Amino acid sequence: MRFPRGRRRLTIVVAALLATAAVAVIVHRVLAPAEVSTVARADYPAPARPAAGVIGRLPVAPLIVDGRLRVYAAHRQVYADRPVDGRYRTSPYWSYRRWPAELTGVVASGSTVVSRWSDGQLVALDARTGGVLWRADGPEPVESTAPVRRTWAATVWDAPGLQLTDLPDGRIVLVVTGDGQARGVELSGGRELWRVELLGRCRSDVGTSATGLLIGLDTCAGAATVEFRDAATGEVRERWRPPGGPDGFVVTPLGCRTGGSDCLGLRTAGPGDEGGRGWLLAGGSPVAAPALDPAGAALVGEQSVAVLDGAVVGRSARTGTELWRSAGLGTARVLAGQPGRVHLLTEANDLVTLDPVTGRQLSRFALNVGSDGTGWAPGAVTAEDGFVAIERLRRPVDPTGDDRRYYYTGETVILAAT
């Protein structure tokens, strides 16, 4: 039995329309913006206090959160694992994905983890469960020319345009800078406190101070100027240049809690400066701190720690008074600092941890795991909650090489407890 020609054509048209509709539904489901939140199904782990030594190795950089979890970044995902002192990366404790936006930065304070995305969206997660606490709009991040390497260290250890700072009244402000704009957002609930327009690429972020200021370097008018902006209101409180300094200089934050957040000092360096000039950040203008002048000097609390003439020297950052001296480490460099600890790396890749106030050695061990050896060069590093995590790079270091040439091993991040 045959259909009449007209009915057959109608049947073909209807079938084509149904097929097109089905394809449209599938495309919408696949390509439409989406988010997937997979919350924790287990209890929040207790803080870990492992013995000093190498814990293990990881393929990606961990952000230590609340002393209990490790939080990681991926292309379109932020996720956590446990325990914080686990030898290897484990199945996610919780996970949060967005699509098609890309993850550009992660910061954390206490049990709040804030993720920033390429569309400007800010999403705060509860570290205890992975659930969403709040969402807020932010300025779209400035597109970076630096490659995003496979460890995602820059995303979680030094998130561009994403800093935290404590206000005198106890509130914590998330300061977000992007393409021509900055915003201040209250961490506790995501309420926007202020937004201001910024100058173009001639202004760059330095970090935030422990006294509630956003610090930027402005070169738009010619001579470089450090700008201090109130993180509570967004208003510029002061514009400052080092007395007698050159027209052009770079600024490096010192003594930060993590990344560029809650910093206690600065170092300015212009053309021809051997190390630069160190400054303490207080209530007013930066105060000169010559103890921070040497290249590689670290600010840990109120102490400056530097390697001088083969010895590790601790001095008062404010007065310059020498507090202690240790000459038994051989060739070493200051690697990082955190409250109550300063970490040094020896020529043999031993990690040495000293008390920054007394110089007393707290621990010393080789940064070796399994049969990896110690023939690597240090890359990015973070120190938080008594832990140190370091990227291991292949020698000689080739900054332009691909990840296989750049990194020492597949699981290139070594994690240690100090």
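The values are calculated or read from the model by the stated rules, or taken from the named source; none is laboratory data. Values in this document were obtained by computation on a predicted structure and should not be read as measured data. All Cβ positions, even for glycine, are placed from backbone atoms using ideal geometry, and neighbour counts span all protein chains on display. Accessible surface areas use protein heavy atoms only, side chains included; no ligands, DNA or RNA. Shrake-Rupley method; radii C 1.70, N 1.55, O 1.52, S 1.80 Å.
Indicate the gyration tensor shape class of the stretch 184-268 (rounded, prolate or oblate), computed on the Cα atoms with a ≥ b ≥ c the square roots of the eigenvalues: a/c under 1.5 is rounded; otherwise a/b larger than b/c is prolate and the rest oblate. In terms of gyration-tensor shape, oblate.
Applying 0.36 nm per residue to the separation of Arg191 and Ala42 and subtracting their alpha-carbon distance, the gain on full extension is 50.6 nm.
Under 5 Å from the amide H of Ser363 lie the amide H atoms of Thr353, each residue being 5 or more positions distant or on a separate chain, with H modelled from the backbone and absent for Pro and chain starts.
Residue by residue, the stretch 59-65 carries 3J(HN,Hα) couplings of x, 10, 7, x, 9, 6, 10 Hz when phi is fed to the Karplus relation 6.51 cos²θ - 1.76 cosθ + 1.60 (θ = phi - 60°); x denotes Gly or Pro. Across all Cα pairs in the chain, the calculated P(r) in 10 Å bins from zero up to the longest distance comes to 4, 20, 28, 26, 12, 4, 3, 2, 1, 0, 0 percent per bin. What the chain shows is 47 Å² of accessible area per residue, with the surface traced by a 1.4 Å probe over protein heavy atoms.
The slack between Glu235 and Glu347, meaning 0.36 nm per residue of separation minus the straight C-alpha distance, is 35.7 nm. Here the simple spin-label model places points 7 Å from the Cα toward Cβ, and for Asp402 and Ser285 these points are separated by 5.3 nm. Fully extending the segment from Asp119 to Arg395, taken as 0.36 nm per residue of separation minus the present Cα-Cα distance, adds 95.6 nm.
Inter-part distance, the stretch 224-272 to the stretch 59-117, computed on C-alpha centroids, equals 30 Å. A simple rule links phi to the HN-Hα coupling: the Karplus curve 6.51 cos²θ - 1.76 cosθ + 1.60 with θ = phi - 60°, which for the stretch 325-332 gives 8, 10, 10, x, 9, x, 5, 8 Hz, with x for Gly and Pro. Distance distribution note for the stretch 250-308: the fraction of Cα pairs above 15 angstrom is 42%. Of the two radii for the stretch 41-189, the radius of gyration is 0.96 times the Kirkwood radius, both from the alpha carbons; that is the Rg over Rh value. Projected label points at Ala223 and Asp309, each 7 Å from Cα along the beta carbon direction, are separated by 3.7 nanometres. Residue by residue, the stretch 205-217 carries 3J(HN,Hα) couplings of 6, 10, x, 10, 9, 6, 9, x, 10, 8, 10, x, 10 Hz when phi is fed to the Karplus relation 6.51 cos²θ - 1.76 cosθ + 1.60 (θ = phi - 60°); x denotes Gly or Pro. Spin-label pair Ala377-Glu102: with each label point 7 Å from Cα along the Cα-Cβ axis, the two points sit 2.6 nm from one another. Positive-end ranking of Leu393, Val142, Leu103 along the dipole of the chain, with charges on Cβ about the Cα centre, is headed by Leu103. Shape summary: the stretch 91-175 maps onto an equivalent ellipsoid whose semi-axes, from the alpha-carbon gyration tensor, are 20, 17, 13 Å in decreasing order.
Ranked from largest, the principal axis spans of the Cα set of the stretch 210-367 equal 48, 35, 29 Å.
Taking R0 as 22 Å, what's the FRET efficiency between His75 and Glu35 from their Cβ-Cβ distance, rounded to 0.05? E between His75 and Glu35, to the nearest 0.05, is 0.95. Separation of the stretch 348-418 from the stretch 136-166 is 22 Å, based on Cα centroids.
Share of carbon and sulfur in the accessible area of the chain stands at 52%, probe radius 1.4 Å. Against the chain, whose longest principal axis is taken from its Cα atoms, helix 5-31 shows a tilt of about 10°. Between amide H atoms placed 1.01 Å from N, distances below 5 Å from Leu125 occur with Val113, Val114, Ser115, Leu133, all of them 5 or more places distant or on a separate chain.
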